[in-house]
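The values are calculated or read from the model by the stated rules, or taken from the named source; none is laboratory data. These figures come from a predicted structure and were not determined experimentally. Here the Cβ positions follow ideal geometry from the backbone for every residue, glycine too, while neighbour counts run over all protein chains shown.
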Amino acid sequence: MSASPSELRLVLLGPADAGKRAAVCSLLGLQDTPQGTTDAQDCSKFTGEVCGTQVTVVSSPAWFRSAFSSDERKKLISSLIALSSPAPHAFLLCVPVNQPADGEAKALDALETLFGLPAVTANTIVLFTHMEELWEDEQLEDYIVTWRKDLQELVERCGGSYHTLETRHGGEEERKAVEGLLAKVEQAALKTGGVSCPLYEEAEERVRQRQQEILRQRTAEVTEEELEAVRQEAERSAGGFHVDLDHIFSSTTAPPTPPLHLFSGAGGRSWWAGSAGCPAW
């Protein structure tokens with residue numbers, strides 16, 4: 001078993017409406033991220049110190065959704081890999097509790113194909129958002145088991161690991177939620193050392209080579225702050241990895257229209273209807 005990492009690297013996956021911006025702010029103690037940075041059609045990187053640990057969060061668009069072409073998907077995944085090198089300690093799959101799991105299973109398929117099965121079973125945590133949509137006295141675990149087999153299946157594929165950063169009262173509750181998530185990430189990192197695969201080995205080698213190229217062009221002594229800037233520049237220009245996921249995302253047919261009141265049950269609970277999947281409450 002390895003020592004606790006001095007830095008935790010996290011990759012946050014999810015669509016623009018999945019609460020990624022709030023998750024980044026909660027994790028890093030920010031009032032807000034720069035407008036649009038977590039919702040843009042590109043990957044973004046954030047860094048801060050949390051509980052004495054350096055935490056890096058790479059936020060990625062939902063490239064596993066049908067809105068992205070094959071070329072766009074490959075570009076985004078290449079960017080994700082470069083920005084999170086030498087390798088993330090955990091993937092956080094951001095899933096709203098009030099929407100159908102639309103594409104998240106394919107996201108796990110893609111992670112498994114790219115980085116190996118342990119990247120999903122040991123290093124992926126389902127991060128539930130939009131918790132305000134649950135009933136006031138409803139527990140997340142009860143909701144998943146009672147109402148949402150699709151979400152339960154996602155959690156099971158991730159080794160039973162899930163979390164939420166959203167609390168009803170914020171403040172101290174939110175701080176404890178952040179500490180709880182980082183504890184889960186650190187525990188997984190101690191067991192596995194983080195995600196390990198040839199793609200990330202290639203990514204780190206490319207980043208290092210690019211760093212050396214940039215530094216050779218500079219004659220003056222480089223400060224530690226400038227070294228970090230060089231690292232970031234190298235990460236941004238180290239993409240173009242061979243990523244073949246067409247077999248996972250090859251279906252060009254539209255999904256069947258879900259039935260009216262896709263999820264309904266006792267007490268008249270029914271949350272969306274029709275093909276658009278719009279909340280019905």
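Taken over the stretch 73-87, the residue count meeting the criterion of being among the small types (Gly, Ala, Ser), buried (at least 21 other Cβ atoms within 10 Å of the Cβ) and either assigned to a helix (DSSP H, G or I) or within 13 Å of the chain's Cα centre (by Cα) (or both) is 3.
Residues in the stretch 64-97 that are in contact (Cβ under 8 Å) with a residue 24 or more places away in the chain and of a type in the set (Phe, Trp, Tyr): 2 in all.
Is there a residue in the stretch 222-231 that is modelled with pLDDT of 80 or more and surrounded by 15 or more Cβ atoms within 10 Å (Cβ to Cβ)? If you could, list the steps in order and put the result at the bottom.
Keep residues of the stretch 222-231 that are modelled with pLDDT of 80 or more, which gives 223-231.
If we keep only those that are surrounded by 15 or more Cβ atoms within 10 Å (Cβ to Cβ) too, we end up with 230-231.
Within the stretch 222-231, one or more residues are modelled with pLDDT of 80 or more and surrounded by 15 or more Cβ atoms within 10 Å (Cβ to Cβ).
Please go through (1) modelled with pLDDT of 85 or more; (2) of a type outside the set (Ser, Thr, Tyr); (3) closer than 28 Å to LYS106 by Cβ for ARG269 and return the number of the only condition it doesn't satisfy. Here ARG269 clears every test but (1).
Would you kindly identify the helices (runs of 4 or more DSSP H) lying entirely within the stretch 118-196 that contain at least 2 residues that are surrounded by 18 or more Cβ atoms within 10 Å (Cβ to Cβ) and in contact (Cβ under 8 Å) with a residue 60 or more places away in the chain?
Values: elements: 140-147, 149-157, 172-192.
Counting at least 2 such residues, we get 172-192.
Condition check: within 28 Å of GLY170 (Cβ to Cβ) and modelled with pLDDT of 90 or more. Does LEU92 satisfy that?
Working: within 28 Å of GLY170 (Cβ to Cβ): yes; modelled with pLDDT of 90 or more: yes.
Yes: the conditions hold for LEU92.
Considering the conditions (1) at pLDDT 85 or above; (2) among the β-branched types (Val, Ile, Thr); (3) under 18 Å from CYS51 (Cβ atoms), THR167 is excluded by exactly one of them, (1).
Restricting attention to the stretch 19-49, report how many residues are at pLDDT 80 or above, assigned to a loop (DSSP other than H, G, I, E, B) and over 24 Å from PRO86 (Cα atoms). The total comes to 3.
Among the residues of the stretch 50-70, those identified as of a type in the set (Gly, Ala, Ser), crowded, with 18+ Cβ neighbours inside 10 Å and not in a loop (DSSP other than H, G, I, E, B) are SER59, SER60.
Of the residues ALA105, ALA110, ALA101, only one is closer than 17 Å to PRO15 by Cα and either assigned to a loop (DSSP other than H, G, I, E, B) or out of contact with any helix residue (DSSP H, G or I) (no Cβ under 9 Å at 6 or more places or on another chain) (or both); which?
Values: ALA105 fails: either assigned to a loop (DSSP other than H, G, I, E, B) or out of contact with any helix residue (DSSP H, G or I) (no Cβ under 9 Å at 6 or more places or on another chain) (or both); ALA110 fails: either assigned to a loop (DSSP other than H, G, I, E, B) or out of contact with any helix residue (DSSP H, G or I) (no Cβ under 9 Å at 6 or more places or on another chain) (or both).
One residue alone meets the criteria, ALA101.
Among the residues in the stretch 3-18, are any in contact with a Cys (Cβ under 9 Å, 6 or more places away or on another chain), small (Gly, Ala, Ser), surrounded by 23 or more Cβ atoms within 10 Å (Cβ to Cβ) and at pLDDT 90 or above? Taking every residue of the stretch 3-18 in turn, none turns out to be in contact with a Cys (Cβ under 9 Å, 6 or more places away or on another chain), small (Gly, Ala, Ser), surrounded by 23 or more Cβ atoms within 10 Å (Cβ to Cβ) and at pLDDT 90 or above.
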